[in-house]
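So the structure is just underneath, and the comments pick up after that.
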Amino acid sequence: MTVCGLVRLDGVDVRRAVLTTMLASSAAGLPAARGVHTDGAFGAVSAADPDVDPTPPIAVDEAGLVVITDPSPRAAGARRSARASAAAYRTGGRWALLSPTGTVAVVWEPARARLVLVRPSGARTDLVTWSDGRAFAFGTEIEQVLSVGGGGLSRPARLRRLGPGEVVMITVPAGRHRPALAAVRQRTGGLAQAGCP
């Protein structure tokens, strides 16, 4: 799985074009099957590994909770794995996603305007982060995070890799996050499907 995105701490809406540029910066280039989700100051784009289920591993539940997670090798499908992770997160919080054999997870809680990044100790995938105080960028590849500089932000000077078993939570300051109208419509229409940029 590859996933990247950002949270605008200054409250500016995330643009799909910036997310597409981030994903296109991946070593494998821009995959044909990809999922994208934007919600005001938050945006993420993901793609499954080509040798696994090609469905983008992103799920949005009826309350707008967004979960992006890599399916386990025995999982029936990427979207089902993301939905199962969303259900586990709802009942057990971030700790439910930290099993030793778990996979990297990205969670967006729209009601709290909070991003949660989880890298369990046994995760095969890296998570790289960077922030300049206006934006917090993340990705499974350094190139994805570095590409944010071309999106109108200053070029990152210091990157950070999440360590095994690490959880990072980032919250948009109160009053700065305005959910996107499309995201509000998705939440009122039941389980949303990820779109393509």
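Computed from the coordinates by the stated procedures, all read-outs in this text should not be read as laboratory data. Nothing here was measured: the structure is a model prediction, and the numbers come from that model. Cβ: placed from backbone, ideal geometry, glycine included. Neighbour counts: every protein chain shown.
Based on the alpha-carbon gyration tensor of region 14-59 and its eigenvalue square roots a ≥ b ≥ c, which shape applies: rounded if a/c is under 1.5, prolate if not and a/b is larger than b/c, or oblate? The shape class here is oblate.
Footprinting exposure proxy ranking of Leu23, Leu65, fewest other C-beta atoms within 10 angstrom first, gives Leu65, Leu23.
Going by neighbour counts of Cβ atoms within 10 Å, the residues Val106, Val168 line up, fewest first, as Val168, Val106.
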